[in-house]
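What follows is calculated from the coordinates using simple rules that are stated; it is not laboratory data. Predicted model, so just to flag it, every value in this text is computed and none were measured. Every residue, glycine among them, receives a Cβ derived from its backbone with ideal geometry; neighbour counts consider all protein chains shown.
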Amino acid sequence: MDRTHLQALTALVGDARISTRPDDLTVYGKDWTKAVPNPTAVIFPKTTDEVSRILRYCHEHKIRVVPSGGRTGLAGAANAIQEELVISLEKMNHILKIDPINLSVTAEAGVIIETLQKAAKEAGLFYPVDLAAKGSCQLGGNIATNAGGLKLIRYGGTREQVLGLEVVLADGTILDLDYDLRKNNIGYDLKHLFIGSEGTLGIITKATMKLVSLPKELRLTCMASASFEQVTKLLGLVNFRGIQPTAFEFFTHECLELVLKHSKQRKNPFQEKSPLYVLLEIEKQPEGAPDPLEPFLETAFESGLITDAVIASNSAEFQNLWGLRENISESVAMEGHVRKNDISLPISSLPGFIAEMQKILGKVRGVQMFLFGHIGDGNLHLNYSGPFQQNYDEFRSITRDTEKEVFELLKTFRGSISAEHGIGLLKKADLHYCCPPEALTLMQKIRAVFDPHGILNPGKIFD
Ligand SMILES: Cc1cc2nc3c(=O)[nH]c(=O)nc-3n(C[C@H](O)[C@H](O)[C@H](O)COP(=O)(O)OP(=O)(O)OC[C@H]3O[C@@H](n4cnc5c(N)ncnc54)[C@H](O)[C@@H]3O)c2cc1C
């Protein structure tokens, strides 16, 4: 970007809200993935009108931009590696309205999810999208990636919460779809195109999201289980008993050991080692109603689905058990190089798929696997890890060959290569494993309608 453009953009927001400082370019030029950030500048609009004027200018002058949220993305979708202008939403961080009758919250896109959750709680309500990155990720980023998270099994993911959106299109047009309506059949529901579009169709500036009543007190059990077959049967038992889980998560013993190594405050609740652990969270029953958890655990023991179980009896134990699951991503990052796969399957296909996948993984040398995730949603996080001393290209070559084999297998099960993290830069070469060519062509045409000059997050999802 030449000096004239920089001056014109500076005139739109003032000196204090545009930066070319190397440390800002490094920080705002990348997400959690490995990348060499290379933006030309970072701009911090405060209003939708400013976003509109910035985009109108960029559209006219064909300046490429990268919308930037909390940069916790795991697919490289917020990486600016081709001298783009980064548009950070972090200063658009106001909660505008909480409506306890409509059960909704309207907020600017840069609001941090944890802040949104706290504001809802203060109003006696609950915002149910919950993820380990909640302290940094933003509402706009969650919408642009259609974030799933820990409570999807009960409340749905981000898409299910969106009532309305305000979006600025590539040419600066402000598209006001910010309705607060539960029912609204007025032709194509355009807001859904922006959900999960990874910043390629427009910049989300405001959203109205559903809220729900505060959950009752929560009960949490961690169960040890011998195999994936038992774990899927365990979920079947949960369904059969009419238990409504607020979370059903799993991790392997290797993940547990890793978290205990890197998060010293976490404690192993079990004496005996087990291949798999499952966290089941439910709401406490109203006073006087029978507790479903203990009879459930008894049946699970008797039928051999679990070998051990603990129930959190106070808030420290509750936090400890959740910490064992929530600290896995951070612990893997501390351990060495990481390659993350985020796949999904029909839940009933998981045991068959995993048995075949283990054969592929069993052949790999020099790389460790950490398997965990939202198994109640059929979502597995497969993290490949290699020591930092290992040459990265060598690590990547081993993991690349393996992931191709895993994706081929996944295709035969009609699974998805991206359950929730998105495609970004990292997975676009693999999109063909689960996206039919006809669908890809339609997506490319849609993108061209919304952004004819291709200035919005170029190179993300597809070229
Ligand atoms: C420890 C950890 C745990 C995680 N757990 C989960 C999980 O359980 N479930 C899950 O789904 N994800 C998870 N993630 C991934 C990540 O948190 C999500 O993808 C999140 O939604 C990204 O939000 P963000 O604000 O950080 O977006 P960013 O990383 O900044 O951006 C992500 C994408 O959204 C675009 N974007 C950002 N803001 C806007 C906007 N206002 N308008 C248009 N486009 C925009 C960017 O251009 C980019 O394409 C986890 C990440 C970490 C680090």
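Summary of computed values
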quantity: Region 218-328: relative contact order as a whole-number percent, Cα under 8 Å and 6+ apart; calculated: 47 percent
quantity: Two-site label geometry, GLN358 and ASN184: point separation in nm, points 7 Å out along Cα→Cβ; calculated: 4.8 nm
quantity: Sum of -39500 (n - 2.57) over DSSP H runs of 4+, divided by residues of the chain (222 nm, nearest 500); calculated: -10500 deg cm²/dmol
quantity: Residue pairs, from the table LYS121/LYS216; LYS34/LYS460; LYS404/LYS428; LYS191/LYS445; LYS62/LYS134; LYS340/LYS363, whose Cα atoms sit over 22 Å apart; calculated: LYS62/LYS134
quantity: Debye intensity ratio in log₁₀ form over the Cα atoms of region 265-418, taken at each q of 0.09, 0.18 Å⁻¹; calculated: -0.38, -1.23
quantity: Gap separating the Cα centres of region 1-44 and region 183-211, nearest whole Å; calculated: 27 Å
quantity: Between 0 and 90°, nearest 10: helix 48-61 axis offset from the chain longest Cα axis; calculated: 60 degrees
quantity: Lys pairs under 25 Å by Cα in region 219-326, provided they are eight or more residues apart or on distinct chains; calculated: 5
quantity: Bins of 5 Å from zero: percent of alpha-carbon pairs in region 1-157; calculated: 2, 9, 17, 20, 18, 13, 10, 7, 3, 1, 0
quantity: Descending Cα extents along the principal axes, region 405-463, whole Å; calculated: 37, 21, 17
quantity: Three-way shape label, the chain, alpha-carbon gyration tensor, a/c 1.5; calculated: prolate
quantity: Degrees between helix 113-122 axis and first principal axis of the chain (Cα, 0 to 90, nearest 10); calculated: 70 degrees
quantity: Cα gyration tensor shape for region 357-409, rounded if a/c is under 1.5, else prolate or oblate; calculated: prolate
quantity: Taking region 336-423 and dividing mean pair separation by its residue count, relative contact order in percent (alpha carbons under 8 Å, at least six apart); calculated: 46 percent
quantity: Region 95-213: radius of gyration over Cα atoms, expressed as a fraction of 2.2 N^0.38 Å; calculated: 0.98
quantity: Mean separation of Cα contacts under 8 Å, 6 or more apart, over the residue count of the chain: relative contact order %; calculated: 16 percent
quantity: Distance in nm between pseudo-label sites at ARG3 and GLN244 (7 Å out along the Cβ direction from Cα); calculated: 6.4 nm
quantity: Euclidean distance of C-alpha centroids, region 313-330 and region 392-463, integer Å; calculated: 33 Å
quantity: Where GluC sites (Glu not before Pro) fall in DSSP loop in region 159-253, at most 16 other Cβ within 10 Å; calculated: GLU217
quantity: Candidates per trypsin sites (Lys or Arg not before Pro) in region 349-398, loop by DSSP, up to 13 other Cβ within 10 Å; calculated: LYS363, ARG365
quantity: Coil-residue trypsin sites (Lys or Arg not before Pro) of region 61-131, DSSP, other Cβ within 10 Å capped at 14; calculated: LYS62
quantity: Sorted by Cβ density within 10 Å, fewest first, the residues TYR28, TYR57; calculated: TYR57, TYR28
